[in-house]
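K.L.:
Quick one: the structure is below, and I'll ask about it shortly.
The values are calculated or read from the model by the stated rules, or taken from the named source; none is laboratory data. Computed from a predicted model, the values in this text were never measured in an experiment. Cβ placement follows ideal geometry from the backbone for every residue including glycine, while neighbour counts extend to all protein chains displayed. Surface accessibility is based on the protein's heavy atoms, side chains included, excluding ligands, DNA and RNA. Shrake-Rupley method; radii C 1.70, N 1.55, O 1.52, S 1.80 Å.
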Amino acid sequence: MKKIAVLGSTGSIGTQTLEIVRTNKDIEVTALAAGSNITLLEEQIREFRPGLAAVWDEERAAELKSRIRDMDVQVLSGMDGLLAVAADPGAEILVTAIVGMIGILPTIEAIKAGKDIALANKETLVTAGHIIMPLAKENHVSILPVDSEHSAIFQSLQGGQEKALHKILLTASGGPFRGRKREELANIQVEDALKHPNWEMGRKITIDSSTMVNKGLEVIEAKWLFGVSVDQIQVVVQPQSIIHSMVEYEDGAVIAQLGTPDMKLPIQYALYYPERRYLPGDRLDFGTLSQITFEQPDMETFYGLKLAYHAGREGGTLPTVFNAANERAVALFLDRKIRYLQIPEIIQACMEAHKNIEAPDVETILKTERETYEFIKNRW
């Protein structure tokens, strides 16, 4: 019996993780954490019977505790709750499915406790990869990517030839506005940006996909996961989302991972690695698949991707500024307080105003996040 804890159990990745648990019957859920959706969390607790649950909001945690008083489940709140779930002694694997830099401290706590990490929280590596990856190595912990693209790269490297890796080909769908120029995006509304052509995701990541900032975050994440420079990572637009990513070796051979757009595949692969299991769902039909096409990304229109490459090359606290500025800008856009094209404008302004700090510790990273939020608050 495999035992897991899940941070962000009520979100898109979290609920799909629990679908896999429901289907396979040989995974025990020892702890669950959510932000504020205690109605769904209560349902999950009653179905999966974890010994520990955490809710970020203290009042909602108290309400959940009252709702499940008939059950023997400890309920905690805030960061203390997340840290307790991350280090839960009953779990072998922590699924980090929460969004944002809030995932850094719990991930560190889990690594120190010897848990393998099924990583869906890209912000942790984007901002603190220089801390996370050495710590995982020191504690003999595996970081197993859950992002579709990073899982595809991980799977394509399973021949054991990492030293012969020449380049990563990171695929992107291009999002809902592929092919449009900047002037055509001036009047984009929230509803337009939330219509992704291929994937069903949370609101924040769907907006990130539309701006291609998400692909920029993935570039920086891949740098740390696979020990390459950002200049060894080439973004390739593949609109059908059939090829999830590729690796090119020194001899010119390219290995790709293909499949239907289904996040349960990389989640299940991370949970059972190195075993492969049957997964219900659609299969690629090469008899009806008419074409797979490729394009270069438009880094002038979607210049958030260009800013990500710059942040990834510079390192230090600049990736934190890039990530934090985007988080706040997307939140403002979703609240209809800024225009769509202001998202990359805000990111660029924050990066240009920031004095970079090399090799930051966690305290400096979190301080940089707060300072970036304050800079935006004072200007927009």
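K.L.:
Take the residues of region 296-308 that are in a loop (DSSP other than H, G, I, E, B) and in contact with a helix residue (DSSP H, G or I) (Cβ under 8 Å, 6 or more places away or on another chain): which is surrounded by the fewest Cβ atoms within 10 Å (Cβ to Cβ)? Step through it out loud before you land on a result.
P.N.:
Going residue by residue through region 296-308, those that are in a loop (DSSP other than H, G, I, E, B) are 296-303.
Going one step further and asking which of them are in contact with a helix residue (DSSP H, G or I) (Cβ under 8 Å, 6 or more places away or on another chain), we end up with 297, 299-303.
Details: Pro297: 20, Met299: 16, Glu300: 10, Thr301: 21, Phe302: 25, Tyr303: 19.
Ranking the qualifying residues of region 296-308, first place goes to Glu300.
K.L.:
In region 309-380, which helices (runs of 4 or more DSSP H) lie fully inside it and hold 1 or more residues that are under 18 Å from Thr124 (Cβ atoms)? It would help to see each step written out before you state the result.
P.N.:
Details: elements: 318-334, 342-353, 362-379.
In region 309-380, the matching helices (runs of 4 or more DSSP H) lie at 318-334, 362-379.
K.L.:
Please verify whether Gln234 is part of a strand (DSSP E or B) and open to solvent by 20 Å² or more (accessible area, probe 1.4 Å), treating the condition exactly as stated. Full working, then the answer.
P.N.:
Numbers: part of a strand (DSSP E or B): yes; open to solvent by 20 Å² or more (accessible area, probe 1.4 Å): yes.
The answer is yes for Gln234.
K.L.:
Just to be sure, is Gly51 touching a Ser or Thr at 6+ places or on another chain (Cβ under 8 Å), of a type in the set (Gly, Ala, Ser) and under 20 Å from Gly103 (Cα atoms)? Show your work before the answer.
P.N.:
Working: touching a Ser or Thr at 6+ places or on another chain (Cβ under 8 Å): yes; of a type in the set (Gly, Ala, Ser): yes; under 20 Å from Gly103 (Cα atoms): no.
Taking the combined requirement at face value, the residue does not satisfy it.
K.L.:
Test Gly287 against the criterion of being more than 20 Å from Leu194 (Cα to Cα) and open to solvent by 10 Å² or more (accessible area, probe 1.4 Å), and give yes or no. Steps first, answer last, please.
P.N.:
Details: more than 20 Å from Leu194 (Cα to Cα): yes; open to solvent by 10 Å² or more (accessible area, probe 1.4 Å): yes.
Answer is yes for this residue.
K.L.:
Can you say whether Thr293 is among the hydroxyl-bearing types (Ser, Thr, Tyr) and either open to solvent by less than 20 Å² (accessible area, probe 1.4 Å) or closer than 19 Å to Thr124 by Cβ (or both), as far as the supplied structure shows? Break it down stepwise before answering.
P.N.:
Details: among the hydroxyl-bearing types (Ser, Thr, Tyr): yes; either open to solvent by less than 20 Å² (accessible area, probe 1.4 Å) or closer than 19 Å to Thr124 by Cβ (or both): no.
No; evaluated as a whole, the condition is false for this residue.
K.L.:
Please go through region 45-58 and pick out each residue that is in a loop (DSSP other than H, G, I, E, B) and open to solvent by less than 10 Å² (accessible area, probe 1.4 Å). Spell out the reasoning first.
P.N.:
To start, the set of residues in region 45-58 that are in a loop (DSSP other than H, G, I, E, B) comprises 49-51, 56-57.
Pro50 - this is the single residue of region 45-58 that is in a loop (DSSP other than H, G, I, E, B) and open to solvent by less than 10 Å² (accessible area, probe 1.4 Å).
K.L.:
Can I ask one more? In region 175-197, which residue that is assigned to a loop (DSSP other than H, G, I, E, B) and among the aliphatic types (A, V, I, L, M) is least open to solvent (accessible area, probe 1.4 Å)?
P.N.:
So in region 175-197, the residues assigned to a loop (DSSP other than H, G, I, E, B) come out as 175-181, 186-189, 194-197.
Pick out the ones that are also among the aliphatic types (A, V, I, L, M) and you get 186, 188, 194.
Details: Ala186: 42, Ile188: 14, Leu194: 54 Å².
For region 175-197, the residue satisfying everything is Ile188.
K.L.:
Just one of Ala87, Ala31 is farther than 15 Å from Leu119 by Cβ, surrounded by fewer than 23 Cβ atoms within 10 Å (Cβ to Cβ) and touching an Asp or Glu at 6+ places or on another chain (Cβ under 7 Å); which is it? Please lay out each step first, then the result.
P.N.:
Working: Ala31 fails: surrounded by fewer than 23 Cβ atoms within 10 Å (Cβ to Cβ).
Just one listed residue meets the conditions, Ala87.
K.L.:
Give me the residue from region 103-126 that is open to solvent by 10 Å² or more (accessible area, probe 1.4 Å), without any contact (Cβ under 8 Å) to a residue 40 or more places away in the chain and not in a strand (DSSP E or B) and, out of that set, farthest from Pro50 (Cα to Cα).
P.N.:
Top of the filtered list is Lys112.
K.L.:
Step by step: first the residues of region 238-276, then only those that are of a type in the set (A, V, I, L, M), over 28 Å from Thr15 (Cα atoms) and assigned to a strand (DSSP E or B), then the one that is least open to solvent (accessible area, probe 1.4 Å). Which residue is that?
P.N.:
Here is the first cut: in region 238-276, the residues of a type in the set (A, V, I, L, M) are 242-243, 246-247, 253-256, 258, 263, 265, 267, 270-271.
Add one more test, that the residue is over 28 Å from Thr15 (Cα atoms), and what stays is 247, 253-255.
Checking the rest, the ones that are also assigned to a strand (DSSP E or B) come to 247, 254-255.
On the way: Val247: 0, Val254: 72, Ile255: 75 Å².
That would be Val247.
K.L.:
Something else about it: So, in region 198-222, how many residues would count as being within 17 Å of Val146 (Cα to Cα) and not charged (D, E, K, R)?
P.N.:
Of the residues in region 198-222, 12 are within 17 Å of Val146 (Cα to Cα) and not charged (D, E, K, R).
K.L.:
Further question: Inspect region 312-321 for any residue being crowded, with 16+ Cβ neighbours inside 10 Å, under 19 Å from Arg178 (Cα atoms) and not hydroxyl-bearing (Ser, Thr, Tyr) and give the result as yes or no.
P.N.:
Checked region 312-321: no residue is crowded, with 16+ Cβ neighbours inside 10 Å, under 19 Å from Arg178 (Cα atoms) and not hydroxyl-bearing (Ser, Thr, Tyr).
K.L.:
Same structure again: Go through region 61-79 and give me each residue that's assigned to a helix (DSSP H, G or I) and either small (Gly, Ala, Ser) or in contact with a strand residue (DSSP E or B) (Cβ under 8 Å, 6 or more places away or on another chain) (or both). Spell out how you get there, then give the answer.
P.N.:
Taking region 61-79 as the starting set, the residues that turn out to be assigned to a helix (DSSP H, G or I) are 61-67, 78-79.
Correct list: Ala61, Ala62, Leu64, Lys65, Ser66, Gly78.
K.L.:
Let me ask another. State all residues of region 137-174 that are free of Cβ contacts under 8 Å to residues at least 60 places away in the same chain and not in a helix (DSSP H, G or I); if no residue qualifies, say none.
P.N.:
Here is the first cut: in region 137-174, the residues free of Cβ contacts under 8 Å to residues at least 60 places away in the same chain are 137-141, 160, 163.
Correct list: Asn139, His140, Val141, Gly160.
K.L.:
Looking at Glu42, is it modelled with pLDDT of 95 or more and open to solvent by 50 Å² or more (accessible area, probe 1.4 Å)?
P.N.:
Values: modelled with pLDDT of 95 or more: yes; open to solvent by 50 Å² or more (accessible area, probe 1.4 Å): no.
Answer is no for this residue.
K.L.:
Still on this structure, I have one more. Evaluate region 294-305: report whether one residue or more is touching a residue at least 24 places away in the same chain (Cβ under 8 Å), at positive phi and under 21 Å from the mean Cα position of the chain (by Cα).
P.N.:
Scanning region 294-305 turns up no residue that is touching a residue at least 24 places away in the same chain (Cβ under 8 Å), at positive phi and under 21 Å from the mean Cα position of the chain (by Cα).
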